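Colleague: Provided herewith is a single structure, encoded as structure tokens, for subsequent inquiry.
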Amino acid sequence: MAKVKTRGSLFKLTISASLTTIAQCQEFSTGETKNRTLDVECLDDSSPGVEMMNDGCVTQEEGSATLLFDPDSTNHQFITDSILAGSASFPIAGSYVFADATPASTTFSAVGFGFGATVAVKDVLKANVSVTYAGPLTWPT
Amino acid sequence: MRSIKTGFRAFLDANAATAGAPVFIGRAEQNCPIPFIVMQRLRTEPYDTLDAPGDDSLRAETFRVTTYAHTDQAAHGIADAVAEVLDDYEGAMGSHRRCEAAWIEDESGDYEPPEYVDGLAVADLVVTIQHSPAA
């Protein structure tokens, strides 16, 4: 087991056919890859535990990232340009690269983005990005 | 140089708002003229990012600026004048870094009882400066 630093982790999207680091990313969250489960607790079940079952499907939560937003950055503009192009730009392949020795990564196919700027006095200009995936992320195995 | 500390000291030292009071970093020289000003850096915020953690294109530093004078009125007078100059200042600040934005976080107020240190009245000012490398 190794403890892995986060500095050097990268959020990448395919821009002009090559995986490109989205610059000035302060943090990202991949979202949870989850088994879909059902509550199958019955009225006559005397056990205090709630009985659950796995229905065989895998769900994927949205990813998110916080950027130090540069309105003049072409790769920040790529995200907003893709949104405003409607469905024409998607799907867009991307990856999250971790800062371990390998380095390991998880890849995804994005079918939509969200983008909003945060402007607060006494702070630096930031933007929140959300990523909706076509399906579950691929994780290192 | 990633800190604006020395540039900020030079800026204050040369500014008319300080009324000629010498400005020191950390602690004052022994037997220095009165009034005088001591500044201390309280914290820094480097705005690090995952992909470029060493990027110093914009940083923030917070300083406490303490004015020492014979009277409470004199100490507050200089502190108020310094606050007036610093609040919303944008421009040169030393040769290494440029002040992009400055704002006053806190000032010791008139409602507080006068504070004396070693027989001298003191007035505190806390200021945060966002700065980038000088061109």
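Colleague: Go through A:Thr74, A:Thr37, A:Ala88 and say which Cα lies farthest out towards the positive end of the charge dipole of chain A; charges sit on Cβ, +1 for Lys and Arg, -1 for Asp and Glu.
Modeller: A:Thr74
Colleague: Now for a separate question. As an exercise, take the mean of 1/r over every pair of distinct alpha carbons in segment A:75-134, invert it, and state the Kirkwood radius in angstroms.
Modeller: Details: mean 1/r = 0.0757 Å⁻¹.
The answer is 13.2 Å.
Colleague: With +1 assigned to the C-beta of every Lys and Arg and -1 to the C-beta of every Asp and Glu, and no other charges, what is the dipole magnitude of chain B about the Cα centre in debye, to the nearest 20? The partial results should precede the final answer.
Modeller: Details: 10 positive and 23 negative charges, 137 e Å.
About 660 debye.
Colleague: For chain B, which span is the longest to avoid every loop-located (per DSSP) member of GluC sites (Glu not before Pro) having at most 13 other Cβ atoms inside 10 Å? Numbers along the way, then the final one.
Modeller: Numbers: sites that count: B:Glu29, B:Glu90.
Longest stretch, sites excluded: B:30-89.
Colleague: Number of Lys-Lys pairs in segment A:1-124 under 26 Å by Cα, sequence gap 8 or more or different chains?
Modeller: Lysine pairs satisfying the spacing and distance rule in segment A:1-124 number 4.
Colleague: Here's something else I'd like to know. Just to be sure I understand the model, the point goes 7 Å from the Cα along the line to the Cβ. What's the resulting B:Ala52 to A:Thr141 distance in nm?
Modeller: Distance between the two pseudo-spin positions: 3.8 nm.
Colleague: Helix B:72-86 sits at what angle to the longest principal axis of chain B, using alpha carbons and giving 0 to 90 degrees rounded to 10?
Modeller: Tilt of helix B:72-86: around 20 degrees.
Colleague: Now a separate question. Charges at C-beta only: +1 for Lys and Arg, -1 for Asp and Glu. How large is the resulting dipole of segment B:1-72 about its Cα centre, in Debye rounded to 20?
Modeller: Values: 8 positive and 9 negative charges, 50 e Å.
Approximately 240 debye in magnitude.
Colleague: What is the helix-to-structure angle for A:74-84, meaning the angle in degrees between its Cα long axis and the longest Cα principal axis of chain A, kept from 0 to 90 and rounded to the nearest 10?
Modeller: So the inclination is approximately 60 degrees.
Colleague: Taking other Cβ within 10 Å of each residue's Cβ, how do B:Arg98, B:Arg59 sort, fewest first?
Modeller: Numbers: B:Arg98 18, B:Arg59 22.
By the 10 Å Cβ count, ascending, the order reads B:Arg98, B:Arg59.
Colleague: Then there is this: Measure nothing but the geometry: give the 0 to 90° angle between the long axis through the Cα atoms of B:5-14 and the longest principal axis through the Cα atoms of chain B, rounded to 10°.
Modeller: On a 0 to 90 degree scale, this one is about 50.
Colleague: Still on this structure, I have one more. Arrange B:Ile129, A:Ile15 by Cβ neighbour counts within 10 Å, fewest through most, would you? Before the final figure, lay out each step's value.
Modeller: Details: B:Ile129 23, A:Ile15 19.
The fewest-first ordering by Cβ neighbours comes to A:Ile15, B:Ile129.
Every number in this text was worked out from the coordinates using simple rules, so none of it is lab data. The structure presented is a predicted model; accordingly, all values stated were derived computationally and were not measured. Counting neighbours? That spans all protein chains shown, and the Cβs are built from the backbone with ideal geometry, glycine included.
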